[in-house]
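Asks: After the structure tokens below, expect a handful of questions from me.
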Amino acid sequence: VWDIECGACLRVLEGHDELVRCIRFDSKRIVSGAYDGKIKIWDLQAALDPRSQPSALCMKTLTEHTGRVFRLQFDEFQIVSSSHDDTILCFNFLQPKGVAQTQLTNFSATDSPQNEISNVLQTQASAISMGSSSLGSGI
């Protein structure tokens with residue numbers, strides 16, 4: 001984690017066993033995917049606090065992919081990732097265990113994984129927002 005104003009390294013996040021291939025972040029989390037097939041969700045606020053113990057930085061490790069993770073996107077509700085195991089997985093933050101809710105398999109080499117991930121993320125977000133708006137109207 002870098003301070004872009006002064007160029008100083010604030011914290012090194014350690015935990016992947018192989019090369020980290022993709023990273024995304026927001027104001028609360030950093031999500032990383034690596035060649036070890038793992039996706040790690042890091043607590044950004046803890047990473048910025050020098051008093052935080054290294055063991056408290058990784059909030060969750062997702063191990064459902066069996067191949068290298070090479071793309072991921074996330075929003076407040078889910079993570080969508082693609083892997084060399086020919087799957088695109090959607091992990092739902094709203095589920096207690098964060099298990100894969102949707103699996104798309106065997107996309108072709110001519111398909112764009114980034115486009116597929118964006119499409120899945122938009123579809124899932126639309127379904128979630130429609131569900132929450134219908135819940136809100138009943139209250």
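The values are calculated or read from the model by the stated rules, or taken from the named source; none is laboratory data. These figures come from a predicted structure and were not determined experimentally. Cβ: placed from backbone, ideal geometry, glycine included. Neighbour counts: every protein chain shown.
Asks: Checking the conditions here, which among SER27, SER52, SER82, SER32 is exposed (fewer than 14 other Cβ atoms within 10 Å of the Cβ) and of a type outside the set (A, V, I, L, M)?
Replies: Numbers: SER52 fails: exposed (fewer than 14 other Cβ atoms within 10 Å of the Cβ); SER82 fails: exposed (fewer than 14 other Cβ atoms within 10 Å of the Cβ); SER32 fails: exposed (fewer than 14 other Cβ atoms within 10 Å of the Cβ).
Matching residue, one of SER27, SER52, SER82, SER32: SER27.
Asks: Can you tell me how many residues within region 16-48 are of a type outside the set (Phe, Trp, Tyr) and touching a helix residue (DSSP H, G or I) at 6+ places or on another chain (Cβ under 9 Å)?
Replies: First, the residues of region 16-48 that are of a type outside the set (Phe, Trp, Tyr): 16-24, 26-34, 36-41, 43-48.
Among the residues that remain, those that are also touching a helix residue (DSSP H, G or I) at 6+ places or on another chain (Cβ under 9 Å) are: 26-30, 43, 46.
Qualifying residue count, region 16-48: 7.
Asks: Check region 119-134 and report whether any residue there is surrounded by 15 or more Cβ atoms within 10 Å (Cβ to Cβ), within 10 Å of the chain's Cα centre (by Cα) and either modelled with pLDDT of 95 or more or in a helix (DSSP H, G or I) (or both).
Replies: no
Asks: Restrict the check to region 82-100 and report whether at least one residue is part of a helix (DSSP H, G or I) and modelled with pLDDT under 60. Before you say what the answer is, go through the steps one by one.
Replies: Residues of region 82-100 part of a helix (DSSP H, G or I): none.
The answer is no; no qualifying residue exists.
Asks: Count, please, the residues in region 53-68 that happen to be in a loop (DSSP other than H, G, I, E, B) and without any contact (Cβ under 8 Å) to a residue 40 or more places away in the chain.
Replies: Qualifying residue count for the region: 6.
Asks: Also, quick follow-up: Filter region 1-10 down to the residues that are out of contact with any Asp or Glu (no Cβ under 9 Å at 6 or more places or on another chain) and in a loop (DSSP other than H, G, I, E, B), then identify the one that is modelled with the lowest pLDDT.
Replies: Of all residues in region 1-10, those out of contact with any Asp or Glu (no Cβ under 9 Å at 6 or more places or on another chain) come to 1-8.
Among the residues that remain, those that are also in a loop (DSSP other than H, G, I, E, B) are: 1, 4-7.
On the way: VAL1: 93, ILE4: 90, GLU5: 94, CYS6: 93, GLY7: 94.
Here the residue is ILE4.
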